[in-house]
Amino acid sequence: MKYEFNAEREYDIIAVGRACIDLNATEYNRPMEETMTFTKYVGGSPANIAIGSSKLGLKAGFIGKISDDQHGRFIEQYMRGVGIDTSNMVVDQEGHKTGLAFTEIKSPEECSILMYRQDVADLYLSPSEVNEEYIKQSKILLVSGTALSKSPSREAVLKAVSLAKKHDVKVVFELDYRPYSWNSLEELRCIAHWLPSRQISSSEHAMNTM
């Protein structure tokens with residue numbers, strides 16, 4: 001299937017949702033208990049897609065909420081530094097913190113991620129913080145499953161998708177399914193069906209194979 005994009009739009013892609021901190025082990029072939037050094041990166045599926053898009057030469061923007069602390073400032077500064085428009089990244093004013101992810105690399109074939117996602121800032125993006133004028137400037141709006149897992153982020157993303165449809169912005173749904181974020185897989189299926197996106201079909205297939 002071939003999709004046509006409006007060449008007059010300012011942004012190639014705007015991503016909405018999770019931006020967090022990844023702490024990746026620099027010591028391989030050992031469990032987390034024995035790992036002492038990590039390298040810090042910006043994490044979160046939509047943030048990484050925006051970063052990759054910008055590095056590949058596309059004009060990218062981001063909508064999300066970050067913590068009002070050193071981690072939040074690192075995320076915004078890094079993303080802005082690689083060319084992403086961060087004008088619609090909102091700084092949390094209620095004390096919510098940045099999500100953290102630690103990687104464990106036991107061998108080339110065995111690795112795992114330890115996530116800290118309790119009351120994280122990105123899930124407190126509210127519908128009032130989603131800007132219609134910003135979204136209508138993009139060819140693509142990318143949303144991820146994690147941002148739909150809790151309110152008020154869920155309502156903010158659904159508003160963004162509705163605005164994208166209104167202004168003929170193509171919607172891409174990236175599953176980003178993490179079981180601990182949801183009450184059940186059925187809850188994700190129900191919410192995913194609300195998304196007015198033709199691109200959702202591949203994600204439906206992925207959910208049906210879980």
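The values are calculated or read from the model by the stated rules, or taken from the named source; none is laboratory data. Quick caveat, the model's predicted, so the values are computed rather than measured. Positions of Cβ are generated from backbone atoms using ideal geometry, with glycine treated the same way; all protein chains shown enter the neighbour counts.
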Original post:
For residues in segment 20-37 being surrounded by 13 or more Cβ atoms within 10 Å (Cβ to Cβ) and touching a Phe, Trp or Tyr at 6+ places or on another chain (Cβ under 7 Å), which is nearest to Arg73 (Cα to Cα)?
Top reply: Asp22
Original post:
Out of (1) among the aliphatic types (A, V, I, L, M); (2) closer than 18 Å to Leu142 by Cβ; (3) part of a strand (DSSP E or B), the odd one out for Ile75 is which?
Top reply: (3)
Original post:
Quick one: Ala147 ticks every box in (1) among the small types (Gly, Ala, Ser); (2) part of a helix (DSSP H, G or I); (3) more than 26 Å from Ser53 (Cα to Cα); (4) at pLDDT below 95 bar one, so which box is it?
Top reply: (3)
**OP:** Output the qualifying pairs, or none if there are none: Cβ atoms under 6 angstrom, residues six or more apart or on different chains, first residue in segment 1-25 and closer than 17 Å to Gly57 by Cα, second residue of a type in the set (Gly, Ala, Ser).
**Re:** Arg9/Ser138; Tyr11/Gly61; Tyr11/Ser138; Ile13/Ser53; Ile13/Ala60; Ile14/Gly61; Ile14/Ser138; Ala15/Ala50
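Residue by residue, here is whether (1) without any contact (Cβ under 8 Å) to a residue 12 or more places away in the chain; (2) over 22 Å from Asp176 (Cα atoms) holds:
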residue: Glu33; (1), (2): yes, yes
residue: Lys40; (1), (2): no, no
residue: Gly43; (1), (2): no, no
residue: Gly52; (1), (2): yes, no
residue: Leu56; (1), (2): yes, no
residue: Ile66; (1), (2): no, no
residue: Asp69; (1), (2): no, yes
residue: Thr98; (1), (2): no, no
residue: Glu104; (1), (2): no, no
